[in-house]
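Readers should treat all values here as calculations from the given coordinates under stated rules, not as data from a laboratory. Only a predicted model underlies this, so the values are computations on that prediction, with no experimental measurement involved. Note that each Cβ is placed from the backbone with ideal geometry, even for glycine, and that neighbours are counted across all protein chains shown.
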Amino acid sequence: MTEQRIAGEIVSADNEKRMTALNADYDALGAKLARDGIDIDAITGKVAQFFVAVPSWGVGTGGTRFARFPGIGEPRNIFDKIDDCAVIHQLTCATPTVSLHIPWDKVNDPKRLKAHGDALGLGFDAMNSNTFSDAPGQEKSYKFGSLSHTDAAIREQAIKHNIECIEIGEAIGSKALTVWIGDGSNFPGQTNFTRSFERYLDSMKTIYKRLPEDWRIFSEHKMYEPAFYSTVVQDWGTNYLIATELGEKAYCLVDLGHHAPNVNIEMIVARLIQFKKLGGFHFNDSKYGDDDLDTGAIDPHRLFLVFNELVDAEHRRAENFHPAHMIDQSHNVTDPIESLIRSANEIRRAYAQALLVNRKALEGYQDDNDALMASETLKSAYRTDVEPILATARLQAGGAIDPIAAYRASGYRQAVSKERPPVVGGSGGIV
Ligand SMILES: [Mn+2]
C-alpha cells in the first residue's frame, strides 16, 4: 500500500465539490470531439499514461543571481524532497519519478533512499551530475571548467564524479545520466574552441565506457551562462556531434530555456527525432533567457508545437524514439509544489492538444500547399480546452480534479513547516 502525504479524504472531499461540473464539461467536450471522429476516452487514456519526472532541486525555493527568498517548510534533505514530490504525484498522478542531482542529493545509504521512494510509489529518473560548482571539501576547483579543463587532474575529478552518479543511480534504479557542464569562456581568446571540445569529448568517452548496458547518457546544450562569451556545449549541433561521437547510448537533451529567444525549438526537436538522437527534455519556460519559469507560463503555444512534433513521431512510430520527460525550473516566488503541479498539468495539456491534431488532414493540406488550412488544423487543436480530459485522467487515477485547490485545502505546507526550520541560502536550481 502506497503511503500518502495528504489524507485521501481531503482529496475526495474537494473532488466531490467539482464532480458534477466536470462530468458535464467532459460530456460536452466528448460530444464535440465525437463530431470530428475523436473518441474522448481514448485521448484521456493516453494522457493518463503520459508521465514527467520532477526534479529534486525543483521542490526547494530557487533564487537568482541577486537573492533567494526562502519559503516556509522547505525540504531539509532529499527525504523531505521526495515527500514533496510524492504530494505532487498524489494529486496529479502525472509525476511518478524523481530526477536527482548529485552532490545536492547525496546520501550515505542509497538503499534507504530507494526504500523511501518505494514506500511513496516513486521511482527515479535520470541522474544529474554537477561539475559546474564546487562541492564543500572538493579537492580541485571547477572555476575554469570541468570535463574540458586544461588540467588533466581536474578533468579526472569531474569524470570520477560522473561515474559516482552512475553508481548511485544503479543503486536506486535509475537508467540514465544527464551531463550538463558550465564549461566555457568569458572572453574571446580565453579558450581554444577546438582543444577544449576535444578534451570534453575525451572525458565524455571515458564516462560513456562506464555506462551500464541498459543506460542512456544525455548531453544538454546551453547557449550561454554561466560563461558569457562561449560555452563548450552551446547548441543542438554540437550536442548532436557529441551524441554521434559517443555512440548508440548517447542522446541529446533539449532544455527549452537553453536557446536564444525566438529560436524554432520544435524544429530542432524534429531534426533530432529524424536522426534518432532525441534523448528527452528539460521542460520550463522563458521570456528573455534561461528564465526557468513554469512550463507553459509564457509561451504555451510553443510547448504545443514541440508536442506536435512528439505526437507526430509517436504516430508514425519513429525509430529509437523514447524521450525522457523531465521538468527543470527554478521557483523563486511561488510554492514550488504548486508550480510543479501546474507545470505537470501544462505538459499534459500540450500533449492532449497535440493528440487532437487531425494528422491525415494536415498531411493533405501540406501536400496541397494549403498554408492556411494546414495552420488552421494545428490552431483548432490548440484552441480546444482540454481541461476536462486532464481532470478526468487525474480523477480516474485517484488524483485531484483541481490539484492546487486540493493541495491548499490540505494545509500540507503549514504542517511540514512545523518540523522543517527555515533554510538559509541553498542552491538556486539554475541548471
Ligand atoms: Mn536543464
Multiply the residue separation of Asp368 and Phe193 by 0.36 nm, subtract the distance between their alpha-carbon atoms, and state the gained length in nm to one decimal. 58.5 nm
Using the 10 angstrom Cβ neighbour count as an exposure proxy, how do Glu309, Glu266, Glu156 rank, fewest first? Glu156, Glu266, Glu309
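Of Thr61, Thr244, how do they rank once you tally other Cβ atoms within 10 Å and put the fewest first?
By the 10 Å Cβ count, ascending: Thr244, Thr61.
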Compute the distance from the alpha-carbon center of the range 308-351 to that of the range 29-77, in whole Å. 7
Under 13 Å Cα-Cα from Lys46, which aspartates and glutamates qualify once same-chain neighbours fewer than 8 residues away are excluded? Glu314
Can you sort Cys252, Cys165 by how many other beta carbons sit within 10 Å, fewest first? Cys165, Cys252
What chymotrypsin sites (Phe, Trp or Tyr not before Pro) does the range 267-296 have in DSSP loop regions with at most 16 other beta carbons within 10 Å? Phe275, Tyr288
Partner aspartates and glutamates for Lys143 [C-alpha distance under 18 Å; skip if fewer than 8 residues away on the same chain]: Asp134, Asp151, Glu156, Asp183, Glu225
Quick one: pull the percentage of alpha-carbon pairs in the chain with a separation above 42 Å. 14
For the range 5-99, which chymotrypsin sites (Phe, Trp or Tyr not before Pro) pass both filters: DSSP loop (anything but H, G, I, E, B) and at most 11 other C-beta atoms within 10 Å? Phe66
In terms of the charge dipole of the chain, which places +1 on Lys and Arg and -1 on Asp and Glu at the beta carbon, the residue among Ile181, Tyr382, Ile265 farthest towards the positive end is Ile181
Distance cut-off 30 Å, Cα to Cα: go down the list Lys175/Lys222; Lys287/Lys418; Lys249/Lys360; Lys106/Lys222; Lys81/Lys276; Lys175/Lys418 and report the pairs above it. Lys287/Lys418; Lys249/Lys360; Lys81/Lys276; Lys175/Lys418
Cα centre as origin, Lys/Arg/Asp/Glu Cβ charges: the chain dipole, Debye: 580
Select from Glu167, Glu319, Glu220 the residue whose mean-square fluctuation is largest in a Gaussian network model of the chain (Cα-Cα springs shorter than 10 Å). Glu319
